[in-house]
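Reviewing the structure listed below.
The values are calculated or read from the model by the stated rules, or taken from the named source; none is laboratory data. Computed from a prediction, not measured in an experiment: that's the story for all the values here. All Cβ positions, glycine included, derive from the backbone under ideal geometry; neighbour counts span all protein chains shown.
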Amino acid sequence: MRRSFPTSSTTVKTILLPLAMLAALGGCASSKPSFYHQEDFSETDTYSRTFNDSDSAVCEAARRALLGQGYIISKAQANIVDGTKSFQPDTDQHLEIAFHIVCAANGKADRSAALFVSATQDRYALKKTNNSASVGVGVLGSLSMPFGSSDDSLVRVASETIRSANFYDRFFGAVERYLEPGQDVAAPPDQHQLDAPLPVPEKK
């Protein structure tokens, strides 16, 4: 014999309400935009600029542009330059901007080179770690006490590629100034030139 249980509208609402909330949360999670959709690879000069000079001269001008603004150069090759600079906007915060530069010649017949640059901004926060002291209490073993030392360490909490076109325009302008006529941006002399003896002055 089949039994029928009475159902009320309150019972139906009690069952359907959690299901509706779960469906809404699932919809919100699936509608979150992915960052790769922003990478449309359209024509843009935000991260690149062409200069009428050789790739080595352009990279040397870029290196000097960073040095002129207080950046520490970690790599300086004929066509690659890396540099970093630290900032401290607050007592417990630390920022670091890192430049990665690549210079590529546009061809043997065309005396020009493209400069590609990407800068990232890393943000660090000061984190405190308390180290409690352990005290022996005989048969009871050890007991952790609230007193002790604390260690402070910087932890990276955010990292992002700088996307501001004005930021890169200012950098390209600095590179252009070092490439102006009269600015010496030639590559440094090799070791044989540095070791060559100085000319002996003529005796009067």
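Exactly one condition in (1) among the hydroxyl-bearing types (Ser, Thr, Tyr); (2) surrounded by 11 or more Cβ atoms within 10 Å (Cβ to Cβ); (3) modelled with pLDDT under 90 is false for SER149; which is it?
(2)
Given TYR71, TYR47, which one is under 14 Å from SER118 (Cα atoms) and among the aromatic types (Phe, Trp, Tyr)?
Numbers: TYR71 fails: under 14 Å from SER118 (Cα atoms).
Being under 14 Å from SER118 (Cα atoms) and among the aromatic types (Phe, Trp, Tyr) holds for just one of TYR71, TYR47, which is TYR47.
Could you name every one of the strands (runs of 3 or more DSSP E) located completely within region 47-141 that has at least 2 residues being surrounded by 18 or more Cβ atoms within 10 Å (Cβ to Cβ) and modelled with pLDDT of 95 or more?
Numbers: elements: 48-51, 72-76, 80-90, 93-105, 113-136.
Once the strands (runs of 3 or more DSSP E) in region 47-141 are filtered for at least 2 residues that are surrounded by 18 or more Cβ atoms within 10 Å (Cβ to Cβ) and modelled with pLDDT of 95 or more, what remains is 48-51, 80-90, 93-105, 113-136.
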